[in-house]
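Report on one structure; see the data block that follows.
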Amino acid sequence: MSDTKKFKGVNTICTHVGQVKDEQFGSSVSPIFPGTSYEYIDKEIDRYPRYSSTPNQEFLSKKISALEQTEHAIILGSGMAAISTSLLSFLGSGDHIVVQNDIYGGTRNLIEKQFTRYKIEYSFTKGIGIEEFEKEIKSNTKAIFIETPSNPLLKIVDIKKIAELSKSHGLISFIDNTFATPLIQRPHNLGIDVVMHSATKYFGGHSDICAGAVAASTEHINKIWSLSKNMGGSLSDYTTWLLERSMKTLSVRFFTQQKNAMKLSQVLQENKNIDRVYYPGLTGHENHDIAKKQMDGFGAVISFELNKKFNPKLFLKSLKMISPTMSFAGVESTMLSPSKTSHYLLRKEDRINQGIVDNLIRFSVGIEDIEDINYDIEQAFNNCK
Ligand SMILES: Cc1ncc(COP(=O)(O)O)c(C=O)c1O
């Protein structure tokens with residue numbers, strides 16, 4: 001991993017770190033190694049796709065650890081593979097985990113549906129203040145899980161305080177860093193143990209890759225790696241190669257999207273058809289000060305509540321350029337109703353408690369020209385009355 005130490009800037013890391021050198025022909029891009037059978041005699045590494053140890057898998061993990069500023073990383077088959085494998089590597093029967101209440105619906109579903117089967121106890125916090133996390137810690141608590149900015153209301157948890165709380169109770173801390181990306185938020189430097197990603201989102205960035213990643217110390221990654229070999233949720237080398245190719249432009253894409261989002265959040269705030277805008281970059285956002293302290297930007301997702309006179313489905317169907325599609329973080333702008341998609345599986349009362357109302361729209365801002373994005377939103381309002 002020594003090559004990663006030479007590079008400092010995120011743009012350089014995205015472009016250069018973690019490339020497999022083409023020794024044979026000198027190509028400027030990584031060759032793909034799709035082999036499932038590698039020499040093992042006198043070799044330091046057992047290379048096998050399910051072990052996440054083929055050349056493509058190993059080298060891409062270096063790009064991710066360089067960005068997250070951790071000792072090590074591992075690539076897996078989806079964000080949920082990264083989250084489930086990481087959590088289950090450290091939790092067993094009789095253990096307890098404290099979980100932030102408003103997180104991605106799929107993660108909440110994993111915990112509520114599966115953890116009970118494994119006799120792992122959990123408590124969801126009532127809010128996102130440190131005291132609300134501390135209140136839930138019990139004698140058998142082993143871990144804390146946070147997601148910040150959170151999906152879909154972009155709440156910001158104080159990462160450093162969570163890390164300190166975890167350490168003072170001897171817990172292991174987990175963060176889902178998907179919304180921020182390591183370009184603007186490096187939680188390991190703030191004391192968090194395990195950083196997880198849905199690489200399906202900004203890392204992939206073109207709505208055509210499903211992948212996950214975990215970054216942590218070598219000791220922690222070895223533990224996760226050991227379980228992932230048993231669970232088998234690895235990523236194929238073809239997709240790993242495509243992800244590496246995509247990550248070369250991660251910073252260019254993300255910073256353009258973020259710039260658009262900052263401007264659009266202000267425009268949307270002035271729009272009389274919108275009742276409320278959620279974006280951590282707005283000074284009126286309830287956690288703006290924490291965001292400013294721990295992030296180098298505010299991300300590229302905005303959520304907003306349509307005025308009740310608009311039907312959310314009709315509004316989404318009236319968009320002409322912005323696509324009303326699931327997932328987020330592609331180069332193209334997309335919008336969705338969280339209550340009908342990412343958070344559909346939640347109980348209605350949990351959704352309402354979290355503030356995920358039916359007229360809430362999550363807007364993943366793309367790289368298009370801001371005037372065109374704006375025009376599309378305006379024409380959709382005019383056409384769905
Ligand atoms: C914040 C967050 N974490 C994790 C996931 C799960 O990722 P994947 O769909 O790659 O399994 C998602 C999916 O939308 C997400 O939004």
Linear extension gain, MET231 paired with GLU132, 0.36 nm per residue minus alpha-carbon span:
32.3 nm
Under Karplus coefficients 6.51, -1.76 and 1.60, residue-wise ³J(HN,Hα) of segment 363-371 in Hz, glycine/proline x
10, 8, 7, x, 9, 5, 5, 4, 5
Counting pairs of Cα atoms in segment 22-72, how many percent are more than 14 Å apart?
61 percent
If one takes the longest principal axis of the Cα atoms in the chain, at what angle in degrees, from 0 to 90 and to the nearest 10, does the Cα axis of helix 250-270 lie?
20 degrees
Quick numbers on segment 196-239, Rg and Dmax over C-alpha atoms in Å, give 11.7, 33
Estimated [θ] at 222 nm from DSSP helical runs (n ≥ 4, -39500 (n - 2.57)) normalised by residues in the chain, nearest 500:
-11000 deg cm²/dmol
Quote to one decimal, in nm, the extra length available between LYS8 and LYS160 on full extension: 0.36 nm per residue of separation minus the C-alpha distance between them.
52.5 nm
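Per the Kirkwood definition applied to all pairs of different Cα atoms, how many angstroms is the hydrodynamic radius of the chain?
Numbers: mean 1/r = 0.0467 Å⁻¹.
Evaluated on the chain, it is 21.4 Å.
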How much accessible area per residue does the chain have, counting only protein heavy atoms and a probe of 1.4 Å, in square angstrom?
44 Å²
Which of rounded, prolate, oblate describes segment 250-383, given a ≥ b ≥ c as roots of the alpha-carbon gyration tensor eigenvalues and a/c under 1.5 marking rounded, otherwise prolate only if a/b is larger than b/c?
rounded
Segment 206-246 versus segment 330-352: alpha-carbon centroid distance in Å
26 Å
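So which chymotrypsin sites (Phe, Trp or Tyr not before Pro) in segment 277-385 pass both tests, a DSSP loop state and at most 16 other Cβ atoms within 10 Å of the Cβ?
Working: sites: TYR278, PHE298, PHE304, PHE310, PHE315, PHE328, TYR344, PHE363, TYR375, PHE381; in loops: PHE298, PHE310, PHE328, TYR344.
Here the chymotrypsin sites (Phe, Trp or Tyr not before Pro) that fit, given the DSSP loop and packing criteria, are TYR344.
By the gyration tensor of its Cα atoms, with a ≥ b ≥ c the square roots of the eigenvalues, what is the shape of segment 139-259: rounded for a/c under 1.5, prolate for a/b over b/c, or oblate?
Numbers: a/c = 2.31, a/b = 1.28, b/c = 1.80.
Oblate shape, in that a/c is at least 1.5 and b/c is the bigger or equal ratio.
Once you keep just the Cα pairs under 8 angstrom separated by 6 or more residues, what percentage relative contact order results for segment 79-181?
Averaging sequence separation for qualifying contacts and normalising by length gives 29 percent for segment 79-181.
Would you work out the relative contact order for the chain, in percent, from Cα pairs under 8 angstrom that are 6 or more residues apart? Walk me through the numbers on the way to the answer.
Working: 792 pairs, mean separation 66.2, N = 385.
Relative contact order of the chain: 17 percent.
Once a ≥ b ≥ c are taken as the square roots of the eigenvalues of the Cα gyration tensor of segment 55-187, is the result rounded (a/c under 1.5), prolate (a/b larger than b/c) or oblate (a/b not larger than b/c)? Write out the running numbers ahead of the final one.
Values: a/c = 1.62, a/b = 1.33, b/c = 1.22.
It comes out prolate by the Cα gyration axes.
How high is the relative contact order of segment 117-238, given as a whole-number percent (alpha carbon pairs under 8 Å, six or more residues apart)?
17 percent
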For the residue pair ASP369 and MET326, what label-to-label distance in nm results when each label sits 7 Å from Cα along the Cα-to-beta-carbon direction?
3.4 nm
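The values are calculated or read from the model by the stated rules, or taken from the named source; none is laboratory data. These numbers come from a predicted model, not from an experiment. Virtual Cβ from ideal backbone geometry, glycine too; neighbours counted across all protein chains shown. Side chains are part of the model used for accessible areas, which takes the heavy atoms of the whole protein and leaves out ligands, DNA and RNA. Shrake-Rupley method; radii C 1.70, N 1.55, O 1.52, S 1.80 Å.
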